[in-house]
Amino acid sequence: MSALDFSAHVATRSDVLDVGLGSDPDAWEVALGGQFLDVPGGGLLRRDYGLV
């Protein structure tokens, strides 16, 4: 999948590898792997996978 196709898919379907907004962190970890940085703050958790 080209970068343009990937960007269009994310923009139109709001998901990455069939994991979308509102999915729990475990679902993202299964789809994207265990290489991430948890960044807590403001009552939220941001899980940084780098460039997706």
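The values are calculated or read from the model by the stated rules, or taken from the named source; none is laboratory data. Note that the structure is predicted; figures quoted are calculated from it, not measured. Virtual Cβ from ideal backbone geometry, glycine too; neighbours counted across all protein chains shown. When the accessible area is computed, the model is the full protein with side chains, heavy atoms only, and any ligands, DNA or RNA have been set aside. Shrake-Rupley method; radii C 1.70, N 1.55, O 1.52, S 1.80 Å.
Which pairs turn up if I take residues in segment 1-25 that are surrounded by 10 or more Cβ atoms within 10 Å (Cβ to Cβ) and look for partners that are among the charged types (D, E, K, R) with beta carbon separation below 6 Å, at least 6 apart in sequence or on another chain?
Pairs that qualify, where the first residue is surrounded by 10 or more Cβ atoms within 10 Å (Cβ to Cβ) and the partner is among the charged types (D, E, K, R), are PRO25/ARG47.
Can we say PRO40 is open to solvent by 60 Å² or more (accessible area, probe 1.4 Å) and over 13 Å from the mean Cα position of the chain (by Cα)? It would help to see each step written out before you state the result.
Numbers: open to solvent by 60 Å² or more (accessible area, probe 1.4 Å): yes; over 13 Å from the mean Cα position of the chain (by Cα): yes.
Answer is yes for this residue.
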